[in-house]
Amino acid sequence: MTQGSQGSLLRQILDYSNRHDPYPLYAELRKTPVHSDGDGSFVVSTYHEIRSLLHDPRVSSDPHNLNVPGDPGFDAQDESSLPPSFIRLDPPEHDRLRRMTNSSFGPPHSPRRIDAMHGELEEIVSGLIDGIGDTERLDLVEQFSYPFPVTVICRLLGVPREDESRFHTWADTLAASLDPMPGQDPTERNKITQQARTELGMYLAGLIEERRKNPKDDMLSELATLRGPDGSMSTMELLSTAALLLIAGHETTVNLITNGMLTLLRNPDQLQRLRENPKRAVPIVEELLRFEPPVQLVPNRTTLADIDICGVTIPKGASLWLVVAAGNRDPQRFDHPDRFDPDRGDIQHLGFGSGIHSCFGAPLARLEAQLALSELARRLVNPRLLEDPPEYRQNAVLRGPRHLPIACDGIRD
């Protein structure tokens, strides 16, 4: 395939008309594992090459190392959308902030934090299902998979319950800012987004100050009072970390749950098996992370040196895009990759990335998705899709349905 036709293929992947099923395009892209788009950016689409680059210290996450401007069509998570955080940094600063965050978030320092939330997560899931109301037409995104993760993040951080509705509003606004809106004037939306970021920052700053004076048993208190080998987080570093949890953690989990239910409704035999055995949620979620990953592309990588891969030299300072969703369906790595098969034994997917920037919220996201899907399978009577394919979000990076209209015959206790 020529560079020109490959360039056209990349434009098709970004084209919203292909959002409902980009996988045939990914298959074409894999025919040229390392591809130059002609604008200084390189796209990698095969499993082993992606995984190698995710572990390569010559690949940077800091956009300041970029020599050539990247393609704005890919850059769905630019600095105007996501507050600067350790995901935008390289070692050693990245490692310092990530270690500090992990010390409060989960293993090995706080191994019981996520497990201890199990009962509270079940309570949130049950409450959302109880509140569904009309079962002849319900939107799973709006009524379940969207409010669930942001409520969990509020509880994790220690946001007072009376303030959770404000967090939902900020999350709605900031999530909308991640979706490109071709042909529309962004001025008003940017203004609204900036206002939401400012309000969120001011609220979190006040909460951080309160937790430093009166710590409680929550993650924000631990981070605000942390004094360890890596020192302590500044207020700005803590603001960035809390905002990262809200935005990045929320959006990926929404997509994981929604893509998961959509896939199960398309595979009713697997849905029935989950209904009969809730423990199957564990392999089902792992297969979903391979089959329909919530993050399709890893953007904003930069090479710190010339890198030779698959006979192609990626020059220093190049913009690098890793198509993890294409790698997850690489037939050189997975047998029958286009088949949804929770029973497959080899499931080392790229759904949470790999290497030093692998998703540090993965344990919580897994637990949320497992509980959500197993309870939806158990309690919804004869669930069925009302639209297939559903309406998708504009975003090519964080790919998932914007709405998922379904119906069911009732809700079990």
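Out of the residues in the range 116-165 meeting the condition of being acidic (Asp, Glu), in contact (Cβ under 8 Å) with a residue 60 or more places away in the chain and not in a loop (DSSP other than H, G, I, E, B), tell me which one is least open to solvent (accessible area, probe 1.4 Å). Filtering first and then ranking leaves ASP139. Would you confirm whether or not the range 365-384 contains a residue that is touching a residue at least 60 places away in the same chain (Cβ under 8 Å) and over 30 Å from ARG155 (Cβ atoms)? Yes, the range 365-384 contains a residue that is touching a residue at least 60 places away in the same chain (Cβ under 8 Å) and over 30 Å from ARG155 (Cβ atoms). Checking each residue in the range 35-46 for being under 17 Å from GLY311 (Cβ atoms) and under 24 Å from the mean Cα position of the chain (by Cα) picks out PHE42, VAL43, VAL44, SER45, THR46. Just one of (1) open to solvent by less than 10 Å² (accessible area, probe 1.4 Å); (2) touching a Cys at 6+ places or on another chain (Cβ under 9 Å); (3) within 21 Å of TYR23 (Cα to Cα) fails for ALA325. It is (2). Just one of the numbered conditions (1) of a type outside the set (Ser, Thr, Tyr); (2) within 26 Å of LEU25 (Cβ to Cβ); (3) at pLDDT 55 or above; (4) open to solvent by 60 Å² or more (accessible area, probe 1.4 Å) is not true of ARG58: (2). If you take the residues of the range 6-47 that are among the aromatic types (Phe, Trp, Tyr) and open to solvent by less than 40 Å² (accessible area, probe 1.4 Å), which of them is nearest to PRO331 (Cα to Cα)? Out of the qualifying residues, it is TYR47.
Suppose we keep only residues that are in a loop (DSSP other than H, G, I, E, B) and either open to solvent by less than 60 Å² (accessible area, probe 1.4 Å) or modelled with pLDDT of 90 or more (or both) within the range 170-219. Which one would you say is nearest to ARG393 (Cα to Cα)? I'd like the intermediate steps shown before the answer.
Of all residues in the range 170-219, those in a loop (DSSP other than H, G, I, E, B) come to 178-186, 214-218.
Applying the additional criterion that residues be either open to solvent by less than 60 Å² (accessible area, probe 1.4 Å) or modelled with pLDDT of 90 or more (or both) yields 178-180, 214-216, 218.
On the way: LEU178: 10, ASP179: 7, PRO180: 9, ASN214: 41, PRO215: 39, LYS216: 38, ASP218: 33 Å.
If we take residues in the range 170-219 being in a loop (DSSP other than H, G, I, E, B) and either open to solvent by less than 60 Å² (accessible area, probe 1.4 Å) or modelled with pLDDT of 90 or more (or both), then ASP179 is nearest to ARG393 (Cα to Cα).
Scanning for something open to solvent by 20 Å² or more (accessible area, probe 1.4 Å), touching a strand residue (DSSP E or B) at 6+ places or on another chain (Cβ under 7 Å) and not aliphatic (A, V, I, L, M), does the range 374-382 turn up at least one residue? No, the range 374-382 contains no residue that is open to solvent by 20 Å² or more (accessible area, probe 1.4 Å), touching a strand residue (DSSP E or B) at 6+ places or on another chain (Cβ under 7 Å) and not aliphatic (A, V, I, L, M). When the strands (runs of 3 or more DSSP E) confined to the range 259-352 are screened for residues that are among the basic types (Lys, Arg) and modelled with pLDDT of 95 or more, none reaches at least 3 such residues. Scanning the range 196-224 for residues that are free of Cβ contacts under 8 Å to residues at least 40 places away in the same chain and touching a helix residue (DSSP H, G or I) at 6+ places or on another chain (Cβ under 6 Å) gives ALA196, LEU204, ILE208, ARG212, PRO215, ALA224. Residues considered: ASP330, ASP308, ASP335, ASP343. Of these, the only one that is touching a residue at least 60 places away in the same chain (Cβ under 8 Å), surrounded by fewer than 19 Cβ atoms within 10 Å (Cβ to Cβ) and over 17 Å from the mean Cα position of the chain (by Cα) is ASP343. The set of residues in the range 289-305 being among the hydrophobic types (A, V, I, L, M, F, W, C) and open to solvent by 10 Å² or more (accessible area, probe 1.4 Å) consists of PHE291, VAL295, VAL298, LEU304, ALA305.
Do we find that GLU276 is acidic (Asp, Glu) and touching a helix residue (DSSP H, G or I) at 6+ places or on another chain (Cβ under 7 Å) in this structure? Reasoning before the result, please.
On the way: acidic (Asp, Glu): yes; touching a helix residue (DSSP H, G or I) at 6+ places or on another chain (Cβ under 7 Å): no.
Spelling it out, it is not the case that GLU276 is acidic (Asp, Glu) and touching a helix residue (DSSP H, G or I) at 6+ places or on another chain (Cβ under 7 Å).
The residues of the range 225-270 that are among the charged types (D, E, K, R) and in contact (Cβ under 8 Å) with a residue 60 or more places away in the chain, listed by number, are ASP230, GLU237, GLU251, ARG266.
The values are calculated or read from the model by the stated rules, or taken from the named source; none is laboratory data. This is a predicted model, so every value here is computed, not measured. Glycine also receives a Cβ, built like all others from the backbone with ideal geometry; neighbour counts cover every protein chain displayed. Keep in mind that these areas ignore ligands, DNA and RNA; they rest on the heavy atoms of the full protein, side chains included. Shrake-Rupley method; radii C 1.70, N 1.55, O 1.52, S 1.80 Å.
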